[in-house]
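See below for the structure under consideration.
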Amino acid sequence: MTQAQAVRRGGLALGLMALGLAAVLGRLVQLQAFEHDRWAAAAQALHEDVIVLPNQRGTIYGAGGLPLARDIPAYAVALDNHHMTKPELLISLLVQEVGLSSEAAHNRVYRASYFTWIDRALDRAAGDRLRQRARDLGIRGLLFFDTWARCYPQGIMALNVLGVVGVDGEGLAGIEQAFDEVLTGRPTVYRVLRGRDGRVVDIELEDPGAPGEDLVLTLDPTLQQICEGAVAYGVKTFMADRGFAIVLDARSGAVLALAQAPSFDPHDPHSPPEHLQSWAVTQVFEPGSTFKALIGLAAMDQRVVRADELIHADSPYRVMGIPVHNANRYEQYGSVPFSRGMNQSLNVVLVQVAQRLGIDRTHEYLVRMGFGEKTGIELPGEAVGILHPPEHWTELDLAMTSFGQSVAVTGIQLAAAFGALANHGRYMPPHLVEGSGGMPRQVASPAASLEMRAILRQGLDPQRSAGLPSARHADVPGYGIAGKSGTGEKAFPGQGYVAGRYIAGFGAFFPWDDPDYVLLVVYDEPKGESFWGADTAGRTIRTIVEAMEEAGVVAPITK
Amino acid sequence: MCARLGAREVAVDGLQSKLLVLSTLLLWTGLIFVFSASYPLAARAYGQPAALLTRQSLGALLGLSAMVILWRIDYRHWARVDDILLLGIFAAAVATLFSGVAGGARWLRLGPFAFQPTEFGKLALILYLGGSLVRRGEAITEFRKGVAPYLCVLAAFGIVLVLQPDFGMLVLYAALVGFLLWAAGARLRHLCAAGALALPPLVGLMAVAPYRLARILAFLNPEGYQDTYAYQVYQSAMAIGAGGIVGRGLGASRAKLFYLPEAHNDFVFSVIAEETGLLGGCIVIGLLVGLVALGYRTAQRAPDRLGALYALGASFVLGLQALLNLAVVVGLLPVTGLTLPFLSYGGSSLAVSLGLVGLLLSVARQGASRKTTEATG
């Protein structure tokens, strides 16, 4: 074989390799040109971590500029378990400085991971101490990230209004949830390039983010604290399942206090999350006799009755053949002035007054007072209540509505309607955020509401023995408090009204002639010595006003 | 070019300078990417990012010396010592089996240096086969006298390579032997018969060593084994794919951050493709193709049959090894462990690649001198 033949043969074999080369080039084009996006995405997912750090959340202020909830700098502490050293020392350090149980510390330290959260919001002092001690002891692997912790400079209060913030900085209930977007701002986003050994190679700031906006509430920390104490004490004393107290600014409809008991305890892991909701906003009940004050306002406004007009009050009074009784069904009252019927809370009197108004007018007044629709208060989960359309009402429905049955209301609806009575007939939509609130509307004439307030004042005035003796529990001398108690039997599906299970409430305002404050206190199923609204909620009204005086919020009017 | 010089004083002609330019380009490209691909590993293992680059540079110096020596020596002299050389390399290869290096026992330690005898074996094998085949002459067309002796040589190396184990190198050796026999005039059916003879033991080996089977499985279903057998191949495809057309930029590979094992070594091309994209990858492949083409040109211009066989052998072994490595890296072949000539980390591999270029230069030089002689005489 000649040299030329050998070279030709060699060239043939080398030429065959070109086929292989074409396959390699084809594959490169496939990977790099056609499948590039897919591989780039897979690579990014593998090589990069996205770290999202929340920015400072907006502060929630109360009335008077006191911060109720504010973010303070904290550390989010994590552990790189693979690069950790001296695990046993680390466990004891976590127990001492972070406050973990030794079991929890053990579980977090001995975990096969590059990343284990130790504490998502450790305060700076403890964090700095932890870092320093870890350094001194030669413990490696702890990671510190700057973050924020929600703190409550006025002490923990009003969580049923404020809500809380979750570990990822998200609002979980209340104002924190309703205004989450405003309060949160934009988080800072980092892209972290990691080697497979877990080592950070590069950190890139993708979005610097922005802090959240502040929010000013109408809530008055002093009043809130007073109400929380008073209602908690009431729930205990009257052995109620729960209770709430609302204080409104009579002229603006601003919610100054919205307290409830039991309330959410952030330090108790078993505290039920529903305690973060204000049940005065999210749940409905039959208002009972407190409703009579509102029916009375409508009747005075329509001039279908006068304060001193005598009305037959003996029971039973039959409506559509059904007997309607007074609360004390055995006592006969004869004919009483309307004002006395109101203060003695005589159902028979109110039924006749409502009959004079008729179904349509009664319904219209209730709608104008805000029943059957949301008040628009800035809390999540507000209930609508039940106010049937007038075409579905019978005369019996009208009669029962006159003493607060067959309708269902929320606490905030009832308080706002009392607000209209207090505010010279002008309904101010209740609101929690400074400067908000819906359109006010005139519900009744100033004269009619003044006259109605005067009647209600008589019920509490110890100088006039117009009302039930028990109503005077709500009075504090010198403040001109006026109000109406109510004790409603609770209705349950399929059982109707159940004896022994009551909603006891008291709606009030003071001073009666030109009110500054509207108060509503309600207890659910008081089981103590008395279940009557005046004996329970009425006493709490007095407790609240006395505490307001003590705190210097109000002073008696000596007139 | 320099016709006025005498036959023994011929200057560097066009072919030689092209060979020099291409191999220099490949050498520098290799050093750059060995550094880029190895510095995370070097920084972690030696505390010095350039540690592996330094070692590679030593290999380069050794290889350049070898290249110059081979270039300046008339290749015909090798015919006198080629069998002794091959025997020496074989002895060294056998010695690796007793060197006690855990895992892949491919290395032989010489003081502070470790080298891989079977890498040098490629060069020795070309020298031996070339000389021996020329000496054998027309007997090559017979199976027993022509083909069988070389099969015995191959089998001897084969046993060592299987024991090491270095399956990829065995494939390369076998292909090289087959190629040079074919070029020297062996009959195709003899070569096919030899191949058929080798098939059963190969299949047996595959069945015995489970990792080989795993590699085949991984090759057949890379997505399914992306976290196990096919991890390396999947990471390689990811690196290459993520590189796109123009790449992440020099030094910006992420695969080398320990996601891709052997990123600086067998899989250095993945890093090249990730950092410089399809464009850079094609340029590197173009350099390799150019080198093989120049090798073929050298064979065409060789002054004699021995020179032609040497040039063909050197071009073939560089080309095939590059092709096998690339095919593995892009996922077209199961993982073999072959390096990419000039570009992968490894002093022995680099030195031998430069040595092969030296052999090509030597043949080109003698070809040029013959032309000059013909022209002047």
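The values are calculated or read from the model by the stated rules, or taken from the named source; none is laboratory data. Fair warning: this is a prediction, and the values are worked out from it, not measured in the lab. Cβ placement follows ideal geometry from the backbone for every residue including glycine, while neighbour counts extend to all protein chains displayed.
Listing for the model above:
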{"item": "Residue satisfying all of: in segment A:28-53; within 18 Å of B:Gly247 (Cα to Cα) and in contact (Cβ under 8 Å) with a residue 12 or more places away in the chain; nearest to the other protein chains (Cβ to nearest Cβ) among these", "result": "A:His47"}
{"item": "Cβ-Cβ under 6 Å pairs, at least 6 apart or on other chains, segment B:189-202 side closer than 16 Å to B:Thr141 by Cα, far side surrounded by fewer than 17 Cβ atoms within 10 Å (Cβ to Cβ)", "result": "B:His190/B:Phe143"}
{"item": "Residue satisfying condition, being touching a Ser or Thr at 6+ places or on another chain (Cβ under 9 Å) and at the interface with another protein chain (Cβ under 10 Å from one of its Cβ atoms), within set B:Gly313, B:Gly247", "result": "B:Gly247"}
{"item": "Selection from segment B:316-350 of residues that are in contact (Cβ under 8 Å) with a residue 60 or more places away in the chain, facing chain A (nearest Cβ under 7 Å), under 12 Å from the mean Cα position of the chain (by Cα) and under 25 Å from B:Ile216 (Cα atoms)", "result": "B:Leu320"}
{"item": "Residue list for segment B:209-233, filter: in a helix (DSSP H, G or I), closer than 17 Å to B:Gly168 by Cβ and of a type in the set (A, V, I, L, M)", "result": "B:Leu213, B:Ala214, B:Ile216, B:Ala218, B:Val233"}
{"item": "Among the residues listed as B:Ile272, B:Ile283, the single one being buried (at least 24 other Cβ atoms within 10 Å of the Cβ), more than 10 Å from chain A (Cβ to nearest Cβ) and over 27 Å from B:Ala124 (Cα atoms)", "result": "B:Ile272"}
{"item": "Scan of segment A:233-292 for residues that are in contact with a strand residue (DSSP E or B) (Cβ under 6 Å, 6 or more places away or on another chain), more than 21 Å from A:Ile175 (Cβ to Cβ) and of a type in the set (Ser, Thr, Tyr), ordered by number", "result": "A:Ser289, A:Thr290"}
{"item": "Residue match in segment B:298-308 (condition: part of a helix (DSSP H, G or I) and more than 11 Å from chain A (Cβ to nearest Cβ))", "result": "no"}
{"item": "Any chance A:Asp360 is farther than 22 Å from A:Ala448 by Cβ and either modelled with pLDDT under 95 or part of a helix (DSSP H, G or I) (or both)", "result": "no"}
{"item": "Yes/no for A:Gly480 being farther than 30 Å from A:Ala383 by Cβ, of a type in the set (Gly, Ala, Ser) and surrounded by 21 or more Cβ atoms within 10 Å (Cβ to Cβ)", "result": "yes"}
{"item": "Some residue of segment B:317-326 being within 15 Å of B:Leu70 (Cβ to Cβ) and either among the aliphatic types (A, V, I, L, M) or surrounded by 24 or more Cβ atoms within 10 Å (Cβ to Cβ) (or both)", "result": "yes"}
{"item": "Conditions (1) buried (at least 24 other Cβ atoms within 10 Å of the Cβ); (2) at pLDDT 95 or above; number of the one not met by B:Ala302", "result": "(2)"}
{"item": "Search result, residues across segment A:72-95 that are touching a Gly at 6+ places or on another chain (Cβ under 8 Å) and either under 30 Å from A:Glu434 (Cβ atoms) or crowded, with 22+ Cβ neighbours inside 10 Å (or both)", "result": "A:Ala74, A:Tyr75, A:Val77, A:Leu79, A:Leu90"}
{"item": "Residue in segment A:10-31 that is within 56 Å of the chain's Cα centre (by Cα) and not in a helix (DSSP H, G or I) present", "result": "no"}
{"item": "Tally, over segment A:327-364, of residues that are surrounded by 18 or more Cβ atoms within 10 Å (Cβ to Cβ), touching a residue at least 24 places away in the same chain (Cβ under 8 Å) and closer than 21 Å to A:Gly459 by Cβ", "result": "19"}
{"item": "From the options A:Gly494, A:Gly507, A:Gly528, residue that is crowded, with 24+ Cβ neighbours inside 10 Å and either within 20 Å of A:Arg539 (Cα to Cα) or over 23 Å from the mean Cα position of the chain (by Cα) (or both)", "result": "A:Gly507"}
{"item": "Meets criteria (at the interface with another protein chain (Cβ under 9 Å from one of its Cβ atoms), within 19 Å of B:Leu180 (Cβ to Cβ) and out of contact with any strand residue (DSSP E or B) (no Cβ under 7 Å at 6 or more places or on another chain)) for B:Ser353", "result": "no"}
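Residue-by-condition table, conditions (1) more than 23 Å from B:Val171 (Cβ to Cβ); (2) at pLDDT 90 or above; (3) under 18 Å from the mean Cα position of the chain (by Cα):
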residue: B:Val21; (1), (2), (3): yes, yes, no
residue: B:Trp28; (1), (2), (3): yes, yes, yes
residue: B:Ile32; (1), (2), (3): yes, yes, no
residue: B:Ala37; (1), (2), (3): yes, yes, no
residue: B:Gln56; (1), (2), (3): yes, yes, yes
residue: B:Ala79; (1), (2), (3): yes, no, no
residue: B:Arg106; (1), (2), (3): no, no, yes
residue: B:Leu125; (1), (2), (3): no, yes, yes
